[in-house]
1. Looking at the range 100-136, which of its residues are open to solvent by 60 Å² or more (accessible area, probe 1.4 Å) and of a type outside the set (Val, Ile, Thr)?
2. Give the residues of the range 58-78 that are open to solvent by less than 10 Å² (accessible area, probe 1.4 Å) and within 14 Å of Thr526 (Cα to Cα), sorted by residue number.
3. Go through the range 113-167 residue by residue and tally those that are on the phi > 0 side of the Ramachandran plot and touching a Gly at 6+ places or on another chain (Cβ under 9 Å).
4. Does Val230 count as among the aliphatic types (A, V, I, L, M), touching a residue at least 24 places away in the same chain (Cβ under 8 Å) and farther than 19 Å from Gly28 by Cα?
5. Are any residues in the range 148-171 part of a helix (DSSP H, G or I) and buried (at least 16 other Cβ atoms within 10 Å of the Cβ), and if so, which ones?
6. If you take the residues of the range 413-434 that are among the acidic types (Asp, Glu) and over 30 Å from the mean Cα position of the chain (by Cα), which of them is surrounded by the fewest Cβ atoms within 10 Å (Cβ to Cβ)?
7. Which ranges mark the strands (runs of 3 or more DSSP E) fully within the range 482-569 that have 1 or more residues being surrounded by fewer than 16 Cβ atoms within 10 Å (Cβ to Cβ)?
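The values are calculated or read from the model by the stated rules, or taken from the named source; none is laboratory data. The structure presented is a predicted model; accordingly, all values stated were derived computationally and were not measured. When we count neighbours, we look across all protein chains shown, and the Cβ atoms used for this are built from the backbone with ideal geometry, even at glycine. Keep in mind that these areas ignore ligands, DNA and RNA; they rest on the heavy atoms of the full protein, side chains included. Shrake-Rupley method; radii C 1.70, N 1.55, O 1.52, S 1.80 Å.
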Amino acid sequence: MLQQIARMAIRAPKRIIVIALLVMVATGIFGIPVTNSLSAGGFQDPTSESAKAAQLLVNKFGQGDMDLVISVTSEGGARSPEARAVGTDIASQLQASPHVVDVTSAWTAPAPAAPALVSKDGKTGLIVAGVTGGETNAQKYTKELSERLVHDRDGVTVRAGGEAMIYVQINGQTEKDLLLMESIAIPLSFLVLVWVFGGLLTAALPLAVGTFAILGSMAVLRAITYVTEVSIFALNLSVAMGLALAIDYTLLIVSRYRDELAAGSQRDQALIRTMATAGRTVLFSALTVALSMIAMVLFPMYFLKSFAYAGIAVVTFAAVAAVVVAPAAIVLLGDRLDALDMRRLLRRILGRPEPTPKPVEKNFWYRSTKFVMRRSIPIGLAIVVLLLLLGAPFLGAKWGFPDDRVLPESLSAREVGDQMRNDFAVDSARNTTVVIPDASGITPQDLGRYAADLSLVPDVSSVSSPTGAFVEGRRAGPPSAATGLKDGSAFLTVVGDAPLFSDASEAQLDRLHAVSTPGGKSVELTGVAQINQDSSSGITERLPLVLAAIAAITFVLLFLLTGSVLLPLKALVLNVLSLTAAFGALVWIFQAGHLGALGTTPTGTLVANMPVLLFCIAFGLSMDYEVFLVSRIREYWLSLPGKTRADNDEAVALGLARTGRVVTAAAVVMSISFAALMAAQVSFMRMFGVGLTLAILVDATLVRMLLVPAFMHLLGGWNWWAPKPLAKLHERIGISESTDDLIPQAEKRERAAVTVTDTG
């Protein structure tokens, strides 16, 4: 098939390019508006206890899907005429909106509840409203309401916050971050590509392939929004990964094509051989990466599912463009492929001679690999110990749920969140709502006793009761606004003092669950603490299945490629090891706050979704480099006459001599793409960028260039071992980067010792 694609590119390159341009235009027109259909949520497990309780509060008690909190601040005080006029006007307009329910404010709430809505210094009053419409439409309605109502007037400062506004501002910030990310990644990547490829035209080819992949994935994401929710953060992955993989795949194909030309092949034959070898590696690598990321659909959160959709789409488009469009562009460029070689111009300016071909034994990667294999045990042990030490902080990881602190301090949702944490006596984020779905047969006295028992749990300051009173200790108090008893269901609000995401908060939840319920009825809890616990459980409970799926997929694919059972096991161990440094860095920087948390606000926790996301994506990309390297090593292993330990070492050295520069250059460019994510103002996307950048660089340097040759030297001929039944199976269905049908055996032996041009 790949040879036929090459022949088609040779026959009709212009037609292929025109079709590709038309596809790009069509996907761009359909896909670019995707930002209007994406959501900033998706961190919660929709099948969890907290999600079910929240849905019951919406359906039976008329609460909104998201809270909108508006702060009204006046130097004259929240009770001043100016603040009162502004606050009551906003509250009345919210009540008049068909998309808003349950409006409470410091000026309209009952007297006992109103003080909790006024800041400690008396200058700020709050308006709390529930916005309906589900997660997506609630954000749209919130944006419309804030644009209409939230603006300073009469010397009164008005700011919007709450969950609904957090999501709105995350969406807006992410769109800005994407533009900034592209403006950083594309120019820097182009400069590196000019250094790697030399010619300006050749350097532009991967960017064209990347654009094709990005626009295609955006079109796919928009199509998916018609049937399910999709996270806006998936766009960050589409841009970064589309550019990175396009460069990886195009670099591999162009480099192999140049190798074939250097070996004496004619252009057409060189392209056919390139597609039969590097083209096959590209498709195999893309399959490996896609299957690694498809495991994320096993998680219930659509945040993680969205990254699976984006990853699979962008890998598919990048691979198709690399094996279909890139060959056509190579044919169309012809002799101009190396035109406008900036390296040659620079050498002329500096008066340096043109590089001359050197024997492979003098190639840097060949010599460094031989050096590593001669000292495989001390080098291997040193790197393993180093990576384990760097990963040690991850043992202290604590999980938290994202709140307004993921946003920069300049945005209003963050400003309101800081006000509520620091300036108000009660932080509503610490509240837990206890829902009794079936309260039939339960008397008000039973509910009152249950509320009193809940109030005795440590770190609980008060509990609202559906009878219209709240309980503090066992003393009846004034009426509470946050009570409910309707249509055979009831809910109570537990006001807690335990800091969120702490051991005390976890213990409080366990004790609340342990309190005997009235009539033995089942209860469901919701609130930030419960949502965080449910989200973490939703990940940890499914994690073994996801890891097993990734391991099985990786093992089978690498077995099909190598015919070995030990090389896939080695790849699994080394890929996990390569991620330890990144995981340790996430905890050390973003949880513990070292290095100033890189400009973010450390909360003492990590968003539980991020390490899982980082693992799935970085593991897949590590396999990308593993396929590049091992496929070329195996090609040399098969071409060498003997099958001794010395032959194994020679195949490893030759494979790294051919791919070392390509893998390093690809890793540099890929790290630029992911490092651009660090410019994001949403903190966990900055964390994601740091983690991926470190994972890629560690994998391409310490692991791929040092640990792989060290381990393969120690294994020797056992690298290629498999039980006889599996060896026979591989003979029938195995995949290899080979050109046996194209290259005579004598030419293979000659080309195995071909000299290489090392331009540094």
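1. So the first thing to find is which residues in the range 100-136 are open to solvent by 60 Å² or more (accessible area, probe 1.4 Å), and the list is 102, 108, 110-112, 115, 120-121, 123.
Result: Asp102, Pro110, Ala111, Pro112, Pro115, Lys120, Asp121, Lys123.
2. Met66, the sole residue that qualifies.
3. Kept after step one, since they are on the phi > 0 side of the Ramachandran plot, are these residues of the range 113-167: 122, 133-134, 154-155, 162.
The next check asks that each one be touching a Gly at 6+ places or on another chain (Cβ under 9 Å); those that pass are 122, 133, 155, 162.
Residues meeting the conditions: 4.
4. On the way: among the aliphatic types (A, V, I, L, M): yes; touching a residue at least 24 places away in the same chain (Cβ under 8 Å): yes; farther than 19 Å from Gly28 by Cα: no.
No: the conditions fail for Val230.
5. Leu149, Gly162, Glu163, Ala164, Met165, Ile166, Tyr167, Val168, Gln169, Ile170, Asn171 - these are the residues of the range 148-171 that are part of a helix (DSSP H, G or I) and buried (at least 16 other Cβ atoms within 10 Å of the Cβ).
6. Within the range 413-434, the first condition is being among the acidic types (Asp, Glu), and the residues that meet it are 415, 418, 423, 427.
From what is left, the residues that are over 30 Å from the mean Cα position of the chain (by Cα) are 423, 427.
Values: Asp423: 15, Asp427: 17.
Ranking the candidates gives Asp423 first.
7. On the way: elements: 484-486, 489-496, 524-526.
Counting at least 1 such residues, we get 484-486.
Residue by residue, here is whether (1) crowded, with 19+ Cβ neighbours inside 10 Å; (2) closer than 22 Å to Ile232 by Cα holds:
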site: Met1; (1), (2): no, no
site: Arg11; (1), (2): no, no
site: Leu22; (1), (2): no, no
site: Ile32; (1), (2): no, yes
site: Asn36; (1), (2): no, yes
site: Ala40; (1), (2): yes, yes
